[in-house]
């Protein structure tokens, strides 16, 4: 039950890439924050909807995953630097894992993240694909 509640609580972040921006120093963050970790200001934070476009900052190929992701291996996980400056971690999909380069342009796509049993809740969220 707790996992279902967590999924619904984070639905804006998963479906819209909603982060936050400090109106004092201009830094942007994902996931959203209530206090800016740089200038330590509270109350100067506003929501920002990211474009979903960015570039690969760094990446790793997962060849020995946990049991939950055995069927997907091998797969790539990357730190994505969004156009707006925030960084986030996401799986790369629809991409040849042998042809990934740091700096490749990417865009967000929606994909299935997990399924809680055959009759359970299906969680969807963001992943990224390389666009050339």
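Nearest 500 deg cm²/dmol is fine: what mean residue ellipticity at 222 nm does the chain get from its DSSP H runs of n ≥ 4 alone, each adding -39,500 (n - 2.57), divided by its residue count? Working shown, then result.
Numbers: 2 runs with 14 residues, N = 132.
Value at 222 nm, helices only, nearest 500: -2500 deg cm²/dmol.
Quick one: grab Rg to one decimal and Dmax as a whole number for the range 52-130, Cα atoms only, in Å.
Taking only Cα atoms of the range 52-130, I get Rg and Dmax of 13.1, 40 Å.
Report the full-extension gain for the segment residue 77 to residue 48: residue separation times 0.36 nm, less the Cα-Cα distance, to one decimal in nm. Mind showing how you got there, number by number?
On the way: separation 29, 0.36 × 29 = 10.44 nm, distance 2.41 nm.
Length difference between fully extended and current span is 8.0 nm.
Using 0.36 nm per residue of separation minus the Cα-Cα distance, give me the extension gain between residue 35 and residue 58 in nm, one decimal. Can you show the working numbers first?
Details: separation 23, 0.36 × 23 = 8.28 nm, distance 2.68 nm.
Additional length available on full extension: 5.6 nm.
Want the number for residue 67 to residue 131: 0.36 nm per residue separation, take away the alpha-carbon distance, what's left?
This chain segment gains 20.1 nm when fully extended.
Of the labelled options (i) -0.71, -0.86, -0.94, -1.09; (ii) -0.81, -0.98, -1.06, -1.18; (iii) -0.70, -0.89, -1.00, -1.22, which one gives log10 I(q)/I(0) by the Debye sum over Cα atoms at q = 0.15, 0.17, 0.18, 0.20 Å⁻¹ as computed for this structure?
(ii)
Each value in this text was obtained by applying a stated rule to the coordinates, not by laboratory testing. Since the model is a prediction, treat every value here as computed from it, not as a measurement.
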